[in-house]
Amino acid sequence: MTANLLDFDLDGLAVFCEQLGEKRFRATQLFRWIHQKGAQDFDAMSDLAKSLREKLKTSAHIAPLKPLSRHDSADGTVKWLFDVGAGDAVETVFIPSEERGTLCISSQAGCAVGCRFCSTGHQGFSRNLSSGEILSQLWFAEHTLRREFNTQERVISNVVMMGMGEPLQNYSALVPALRAMLDDHGYGLSRRRVTVSTSGVVPMIDRLGEDCPVALAVSLHAPNDALRDQLVPLNKKYPIAELMDACRRYLAHAPRDFITFEYCMLDGVNDQAEHAQALIDLVHSPRDPSKRIHAKFNLIPFNPFPESGLTRSNAETVHAFADALSKAGIVTTVRKTRGDDIDAACGQLAGDVKDRTQVQSRMAKHKVIPLTQVSV
Ligand code: SAH
Ligand code: SF4
């Protein structure tokens, strides 16, 4: 088996080139060809010596994930479903706005955390994606969209690890992919524009702070352990107090001076005035001001699916909740739902696969109800 060069960050590629007897600057050239120019064919890499190109042909390949389907929303959102083998697929979503182009990337096929409100969680866990499978979602989207928009300019300015999977449960594959995103010879994204979203894998938050401190979003969803234990089962292992301590430690490394907390608004479950007040107390910590944490909240309208047994909070409730946090001085945004017409929200993918046999084999494996039955 030859090496898939999409698996490497620049340091990894330099080690690989060294094994071929090549200097580091050759690795830099190769890295730029792959990530900046989107090249897949070694013969196209005109400034690499012919001898190196020949060596690469026998020892390496550049193999991005293959798309199974693509859906374009009326609002410009694009969703791809990529085949990851064995009947599994992962989704990647491009969300354009006036100021930025954001790509939402998956880190695992399925997810082992099993959050109550998450369709990916209900599907169970299949496997970790490799670094190359994570990075190739960006490679594919960036170079496909550049061709379509007929531009040499960067199309994707922001990456959020908010697709399928828990990125911090696939740490060793995640970090090289993040490094390639940040590398000036790769995608040159600033640390502030790359966000890892986590359900709260405390030890890995600390490691990320040391190894690759990008922007952090923490999926909180509840202000107390009793409720969070039910919504995010990982809370039983890493309860809220430990998670908050990890957030405070992360702020010492973070590219931004705040942590974003995501909060999925579930009708009658976590959306009442007392929950808002408990959240305010959690981040302001009136009894121990040294534990105050600089936080922003992103309220996410729940994307319903039948097995969850949950419903979306109504708009007035969401606004009252946002108001309460804002009045307490916490910057709060309500996430706009984008790409609703193509089901572009987290984990809402199976209804889109063209090949029904693939869907059926995945459903049999994870006992999921077909999402075509979902009335959103
Ligand atoms: N596993 C990571 C990242 C992927 S999920 C995490 O949990 O943070 C990305 C975001 O989508 C999380 O904040 C998650 O809580 C949210 N999410 C999952 N299912 C959702 C749903 N059905 N409706 C709205 N948001 C959802
Ligand atoms: Fe996994 Fe995140 Fe979904 Fe929870 S919300 S099941 S951690 S993908």
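Say whether the condition of being surrounded by fewer than 16 Cβ atoms within 10 Å (Cβ to Cβ), among the basic types (Lys, Arg) and in a helix (DSSP H, G or I) is met by at least one residue in region 198-216.
yes
Scanning region 73-96 for residues that are over 16 Å from Arg146 (Cβ atoms) and part of a strand (DSSP E or B) turns up Lys79, Leu81, Phe82, Asp83, Val84, Gly85, Asp88, Ala89, Val90, Glu91, Val93, Ile95. Within region 165-189, the set of residues being in a helix (DSSP H, G or I), closer than 24 Å to Tyr238 by Cβ and open to solvent by less than 30 Å² (accessible area, probe 1.4 Å) comprises Pro167, Leu168, Tyr171, Ala173, Leu174, Val175, Ala177, Leu178.
Rundown of residues vs (1) among the hydrophobic types (A, V, I, L, M, F, W, C); (2) touching a Ser or Thr at 6+ places or on another chain (Cβ under 8 Å); (3) outside the structural domain of Ala315 (by TED's automatic domain parsing), yes/no style:
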{"position": "Ile240", "(1), (2), (3)": "yes, no, no"}
{"position": "Arg256", "(1), (2), (3)": "no, no, no"}
{"position": "Gln277", "(1), (2), (3)": "no, no, no"}
{"position": "Lys291", "(1), (2), (3)": "no, yes, no"}
{"position": "Ile300", "(1), (2), (3)": "yes, no, no"}
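For region 207-225, enumerate the residues that are farther than 18 Å from Phe261 by Cβ and over 16 Å from the mean Cα position of the chain (by Cα). Result: Arg207, Glu210, Asp211.
Please verify whether region 332-342 includes one or more residues that are at pLDDT 60 or above and over 24 Å from Lys79 (Cβ atoms). Checked region 332-342: at least one residue is at pLDDT 60 or above and over 24 Å from Lys79 (Cβ atoms).
To keep it simple, each residue is scored yes or no on (1) away from ligand 1 (no atom under 13 Å from the Cβ); (2) in contact (Cβ under 8 Å) with a residue 24 or more places away in the chain.
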site	(1), (2)
Val202	yes, yes
Glu210	yes, yes
Leu231	no, yes
Ala241	yes, no
Met265	no, yes
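Within region 113-139, if we keep just the residues that are in contact with a strand residue (DSSP E or B) (Cβ under 6 Å, 6 or more places away or on another chain) and open to solvent by 20 Å² or more (accessible area, probe 1.4 Å), the residue that is nearest to ligand 1 (Cβ to nearest atom) turns out to be Phe117. Quick check on Gly110: is it touching a strand residue (DSSP E or B) at 6+ places or on another chain (Cβ under 9 Å) and either at pLDDT below 95 or away from ligand 2 (no atom under 16 Å from the Cβ) (or both)? No: the conditions fail for Gly110. Quick one: which helices (runs of 4 or more DSSP H) lie wholly within region 1-67 and hold at least 1 residues that are farther than 16 Å from Ala180 by Cβ, in contact with a helix residue (DSSP H, G or I) (Cβ under 9 Å, 6 or more places away or on another chain) and of a type in the set (Ser, Thr, Tyr)? In region 1-67, 50-59 are the helices (runs of 4 or more DSSP H) which contain 1 or more residues that are farther than 16 Å from Ala180 by Cβ, in contact with a helix residue (DSSP H, G or I) (Cβ under 9 Å, 6 or more places away or on another chain) and of a type in the set (Ser, Thr, Tyr). I'd like to know if region 301-308 contains one or more residues that are under 22 Å from the mean Cα position of the chain (by Cα), at pLDDT below 95 and surrounded by fewer than 15 Cβ atoms within 10 Å (Cβ to Cβ). For region 301-308, residues under 22 Å from the mean Cα position of the chain (by Cα), at pLDDT below 95 and surrounded by fewer than 15 Cβ atoms within 10 Å (Cβ to Cβ): absent. Can you tell me which residues in region 273-318 are polar (S, T, N, Q) and assigned to a loop (DSSP other than H, G, I, E, B)? Those that are polar (S, T, N, Q) and assigned to a loop (DSSP other than H, G, I, E, B): Ser285, Asn303, Thr311, Ser313, Asn314.
Which of the residues that make up region 45-68 are open to solvent by 30 Å² or more (accessible area, probe 1.4 Å), more than 24 Å from the chain's Cα centre (by Cα) and closer than 20 Å to Leu138 by Cβ? Once the filter is applied, which keeps residues that are open to solvent by 30 Å² or more (accessible area, probe 1.4 Å), more than 24 Å from the chain's Cα centre (by Cα) and closer than 20 Å to Leu138 by Cβ, region 45-68 yields only His61. Checking region 85-99 against the condition returns no match, with no residue being closer than 29 Å to Phe16 by Cα, within 15 Å of ligand 2 (Cβ to nearest atom), surrounded by fewer than 17 Cβ atoms within 10 Å (Cβ to Cβ) and in the same structural domain as Leu220 (by TED's automatic domain parsing). Listed by first and then second residue, the pairs linking a residue in region 213-227 that is assigned by TED's automatic domain parsing to the domain that holds Arg179 and closer than 14 Å to Leu282 by Cα to a residue that is open to solvent by 20 Å² or more (accessible area, probe 1.4 Å) and within 10 Å of ligand 1 (Cβ to nearest atom), with Cβ atoms under 6 Å apart and 6 or more places separating them unless they lie on different chains, form an empty list.
The values are calculated or read from the model by the stated rules, or taken from the named source; none is laboratory data. Because the structure is a prediction, the values reported are computed rather than measured. Reconstructed Cβ throughout: ideal geometry from the backbone, glycine too, with neighbour counts over all protein chains shown. Side chains are part of the model used for accessible areas, which takes the heavy atoms of the whole protein and leaves out ligands, DNA and RNA. Shrake-Rupley method; radii C 1.70, N 1.55, O 1.52, S 1.80 Å.
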